[in-house]
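Okay, so here's the structure we're looking at.
The values are calculated or read from the model by the stated rules, or taken from the named source; none is laboratory data. Keep in mind the model is a prediction, meaning the values are calculated, not measured. Note: ideal-geometry Cβ built from the backbone for every residue, glycine included; neighbour counts use all protein chains shown. Each accessible area value is taken on the protein alone, full model and side chains, heavy atoms only, with ligands, DNA and RNA left out. Shrake-Rupley method; radii C 1.70, N 1.55, O 1.52, S 1.80 Å.
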Amino acid sequence: MRSCCKLGLAFALLLTATSSRAQMTPDNVGPPASGMPKILQGVGFRPELNAQMPVDTPFKDENGKAVRLGDYLHTQKPVLLAFVYYGCPMMCTQLEQGVVGSLRMLSFNPGLDYEVVFVSFDDRDTPEMAAAKKTTAMNKFRRPETSTGWHFLSGSKESIAAVTNAANFRFNFDPKNNLFAHASGLLLLTPDGRISRYFYGVEFPARDIRLGLVDASAGKIGSPVDHVLLYCFEYDPSTAHYSATILNIVRLGGILTIAAMIVAFMVFRRRERAAARPNLRHQGAH
């Protein structure tokens, strides 16, 4: 009876996890609109390899200086580019920390071997906010001599639309909570501004970034990746919906727990049957 209860509980949990999987979606499968919160519908990040980024797009850097995206593209020097917004209370900070952590593992140096560019997709962000983000990044990176290789940009709605559309980066704004719903990842660009490779998430294996930068510097185009696409959105008390990022983590943990329960159940059943065999043989002998 106890075994049946365990199996029933595992099955119920499995049904719960699989029925609510809509917010943890592989990139090569479009999320069903009916299963997504309204704010996340249309949100995504689906870069097209070899697509050309608009290098003449104007922005302001962290010092308030007028720049173009193409200012950071040089001969044989690739660019690591990520979309964030500087007022983000959640995943953008994790993404920035993930980029810094991965790049710290490399012997390559920003400014010398490649450029790092963060582009805000919130037109309300200012150079002052960008400068604060750069200060935090440089403090964590601990190589002050690489400061010229780190760039935190802000710009107009038109400039933001130009670069995010070129990268198929889609986001929504929630005026009620003053937050953006968006996905997370980064791009590696060739020296002439084409998309060489992309990565999803907030943490990136240093080895993959290193190889990606080497390929991008040579103008090579990588192959599509198939990773889980993370979304960022806050908990809304009025609708009792948690952020999709939190749900992804919780559900992944739930799936692993279910798998462990099923394995444990199978081991328990085998031991139970093995223990029962001597008793059956003893009863048969009588």
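General remarks:
- Pairs linking a residue in segment 71-90 that is within 16 Å of Trp150 (Cβ to Cβ) to a residue that is among the small types (Gly, Ala, Ser), with Cβ atoms under 6 Å and 6 or more positions apart or on different chains, are Leu73/Gly193; Pro78/Ala216; Pro78/Ser217; Tyr86/Ser120.
- Hits in segment 67-80 - residues which are out of contact with any Asp or Glu (no Cβ under 8 Å at 6 or more places or on another chain) and open to solvent by less than 80 Å² (accessible area, probe 1.4 Å): Asp71
- Out of Glu158, Glu128, sole residue that is out of contact with any strand residue (DSSP E or B) (no Cβ under 7 Å at 6 or more places or on another chain), open to solvent by 70 Å² or more (accessible area, probe 1.4 Å), closer than 22 Å to Asp56 by Cα and at pLDDT 95 or above: Glu158
- Look at (1) under 24 Å from Ala51 (Cβ atoms); (2) open to solvent by less than 30 Å² (accessible area, probe 1.4 Å) and you find that Asn172 fails only one, number (2).
- Annotation note: of Val202, Val163, the sole residue that is at pLDDT 90 or above, surrounded by 17 or more Cβ atoms within 10 Å (Cβ to Cβ), β-branched (Val, Ile, Thr) and within 13 Å of the chain's Cα centre (by Cα) is Val202.
- The listed residue being open to solvent by less than 70 Å² (accessible area, probe 1.4 Å), at pLDDT below 90 and over 16 Å from Arg46 (Cα atoms), out of Arg281, Arg251: Arg251
- Residue count, segment 81-106 (criterion: aliphatic (A, V, I, L, M), under 19 Å from Ala161 (Cα atoms) and out of contact with any Cys (no Cβ under 7 Å at 6 or more places or on another chain)): 2
- Test: residue in segment 176-192 that is at pLDDT 95 or above and of a type in the set (Lys, Arg): no
- Among residues of segment 166-185, those that are under 16 Å from Tyr86 (Cα atoms), assigned to a strand (DSSP E or B) and in contact with a strand residue (DSSP E or B) (Cβ under 6 Å, 6 or more places away or on another chain), counted: 7
- Of all residues in segment 42-54, those satisfying the criterion of being in a loop (DSSP other than H, G, I, E, B) and surrounded by fewer than 18 Cβ atoms within 10 Å (Cβ to Cβ) are Gly42, Arg46, Glu48, Leu49, Asn50, Ala51, Pro54.
- Here the condition is being part of a helix (DSSP H, G or I), within 19 Å of Gly87 (Cβ to Cβ) and modelled with pLDDT under 95; of Thr245, Thr257, it holds for Thr245 alone.
- In summary, Ser238 fulfils each of the numbered conditions (1) farther than 22 Å from Gln41 by Cβ; (2) open to solvent by 50 Å² or more (accessible area, probe 1.4 Å); (3) modelled with pLDDT under 90 with the single exception of condition (1).
- Remark: pairs (first residue in segment 103-120, more than 19 Å from Pro205 (Cα to Cα) and in contact (Cβ under 8 Å) with a residue 12 or more places away in the chain; second residue open to solvent by 10 Å² or more (accessible area, probe 1.4 Å) and outside any loop (DSSP other than H, G, I, E, B); Cβ separation under 6 Å; 6+ apart in sequence or on different chains) = Gly111/Thr148.
- Summed over segment 102-125, residues that are part of a loop (DSSP other than H, G, I, E, B) and within 17 Å of Phe59 (Cα to Cα) total 5.
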